[in-house]
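*Asks:* Would you mind keeping the following structure in view while I ask a few things?
The values are calculated or read from the model by the stated rules, or taken from the named source; none is laboratory data. Small disclaimer: the values here were computed from a predicted structure and weren't measured. All Cβ positions, glycine included, derive from the backbone under ideal geometry; neighbour counts span all protein chains shown. When the accessible area is computed, the model is the full protein with side chains, heavy atoms only, and any ligands, DNA or RNA have been set aside. Shrake-Rupley method; radii C 1.70, N 1.55, O 1.52, S 1.80 Å.
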Amino acid sequence: AQKVTQAQTEISVVEKEDVTLDCVYETRDTTYYLFWYKQPPSGELVFLIRRNSFDEQNEISGRYSWNFQKSTSSFNFTITASQVVDSAVYFCALSERKGGGNKLTFGTGTQLKVEL
Amino acid sequence: SQTIHQWPATLVQPVGSPLSLECTVEGTSNPNLYWYRQAAGRGLQLLFYSVGIGQISSEVPQNLSASRPQDRQFILSSKKLLLSDSGFYLCAWSKTASYEQYFGPGTRLTVT
């Protein structure tokens, strides 16, 4: 069965610090996709990134970067120079093709608090 | 561009009452549609998904049901609510051949 583990329940940092959110996954599929979503206090999940299992290149988007390592089944997310607006719950997710649609298996989320 | 709507935004219902939550998507056709529930512990649980009108797949047997009467409309229902049905309900859509799911603003349901 698919599984996504986000061992960090809550992280608190001071603004401008760098912070890494960990994500470890389990799957038997050879082709799969990994995602990160952000859930601010308003509740709506915001899509941040998708990474497919064939592409292990790290990706950077502004202050965000993602490190995908297939050998360790990890897909970690780093925020550089964190800001108060980064405070949110962050979810890692794993995709599974199912019945023509796709299913996302979510981790339990990491609550990030960025303080002044 | 595509937009997903959910209503109501919040709902307080007594135990035993019926439920109807609605989700609609604009700006796309034949989307895959999903219902998730997020309980107090933050985890997201997939409840139902649909790949077309009238086609519903249930992930977890429970007190809820889903229907898709129109291409871009997805409804979550219950005949009799339980206390355990309280939570944050999120609707999502994806393109047929795509993996990214895009979420609506959610409905916060409290069963009293």
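*Asks:* For the stretch A:102-116: of the residues being more than 9 Å from chain B (Cβ to nearest Cβ) and open to solvent by less than 70 Å² (accessible area, probe 1.4 Å), which is nearest to residue A:22 (Cα to Cα)?
*Replies:* Residue satisfying both the conditions and the ranking: A:110.
*Asks:* Also, I was wondering about something else. Look through A:31, A:78 and report the one residue that is on the phi < 0 side of the Ramachandran plot, more than 12 Å from the chain's Cα centre (by Cα) and open to solvent by 30 Å² or more (accessible area, probe 1.4 Å). Step through it out loud before you land on a result.
*Replies:* Numbers: A:78 fails: more than 12 Å from the chain's Cα centre (by Cα).
Selected residue: A:31, the only one of A:31, A:78 that is on the phi < 0 side of the Ramachandran plot, more than 12 Å from the chain's Cα centre (by Cα) and open to solvent by 30 Å² or more (accessible area, probe 1.4 Å).
*Asks:* Taking the stretch B:10-34, which residues are on the phi > 0 side of the Ramachandran plot and either within 14 Å of chain A (Cβ to nearest Cβ) or in contact with a Leu (Cβ under 8 Å, 6 or more places away or on another chain) (or both)?
*Replies:* Quick first cut of the stretch B:10-34, residues on the phi > 0 side of the Ramachandran plot only: B:16, B:27, B:30.
B:16, B:30, listed by residue number.
*Asks:* Restricting attention to the stretch A:29-51, which residues are at pLDDT 90 or above and more than 21 Å from residue B:36 (Cα to Cα)?
*Replies:* The one that is at pLDDT 90 or above and more than 21 Å from residue B:36 (Cα to Cα): A:51.
*Asks:* Name the single residue that is nearest to residue B:108 (Cα to Cα) among those in the stretch B:43-74 being surrounded by fewer than 15 Cβ atoms within 10 Å (Cβ to Cβ) and of a type in the set (A, V, I, L, M).
*Replies:* Among those residues, the one meeting the criterion is B:60.
*Asks:* If only one of B:86, B:77 is under 16 Å from residue B:19 (Cβ atoms) and surrounded by fewer than 17 Cβ atoms within 10 Å (Cβ to Cβ), which one is it?
*Replies:* On the way: B:86 fails: surrounded by fewer than 17 Cβ atoms within 10 Å (Cβ to Cβ).
One residue alone meets the criteria, B:77.
*Asks:* Can you tell me which residue among A:70, A:38 is of a type outside the set (S, T, N, Q), in contact (Cβ under 8 Å) with a residue 12 or more places away in the chain and surrounded by fewer than 17 Cβ atoms within 10 Å (Cβ to Cβ)? Can you show your working first?
*Replies:* Details: A:38 fails: surrounded by fewer than 17 Cβ atoms within 10 Å (Cβ to Cβ).
Step by step, each of A:70, A:38 is checked, and only A:70 is of a type outside the set (S, T, N, Q), in contact (Cβ under 8 Å) with a residue 12 or more places away in the chain and surrounded by fewer than 17 Cβ atoms within 10 Å (Cβ to Cβ).
*Asks:* Can you name the number of the only condition in (1) closer than 23 Å to residue B:104 by Cα; (2) more than 14 Å from every other protein chain (Cβ to nearest Cβ); (3) open to solvent by 70 Å² or more (accessible area, probe 1.4 Å) that residue A:60 fails?
*Replies:* So residue A:60 meets the others, but not (1).
*Asks:* Report those strands (runs of 3 or more DSSP E) wholly inside the stretch B:1-42 carrying at least 2 residues which are touching a Ser or Thr at 6+ places or on another chain (Cβ under 6 Å) and open to solvent by less than 80 Å² (accessible area, probe 1.4 Å).
*Replies:* Numbers: elements: B:3-7, B:10-13, B:19-26, B:32-38.
Correct list: B:3-7, B:19-26, B:32-38.
*Asks:* Within the stretch A:86-101, can you find the residues that are at pLDDT below 95 and either more than 14 Å from every other protein chain (Cβ to nearest Cβ) or open to solvent by 60 Å² or more (accessible area, probe 1.4 Å) (or both)?
*Replies:* A:97, A:98, A:99
*Asks:* Got a sec? Which strands (runs of 3 or more DSSP E) wholly within the stretch A:14-56 have at least 2 residues that are of a type in the set (A, V, I, L, M)?
*Replies:* Because the criterion is at least 2 residues that are of a type in the set (A, V, I, L, M), the strands (runs of 3 or more DSSP E) in the stretch A:14-56 that meet it are A:19-21, A:46-52.
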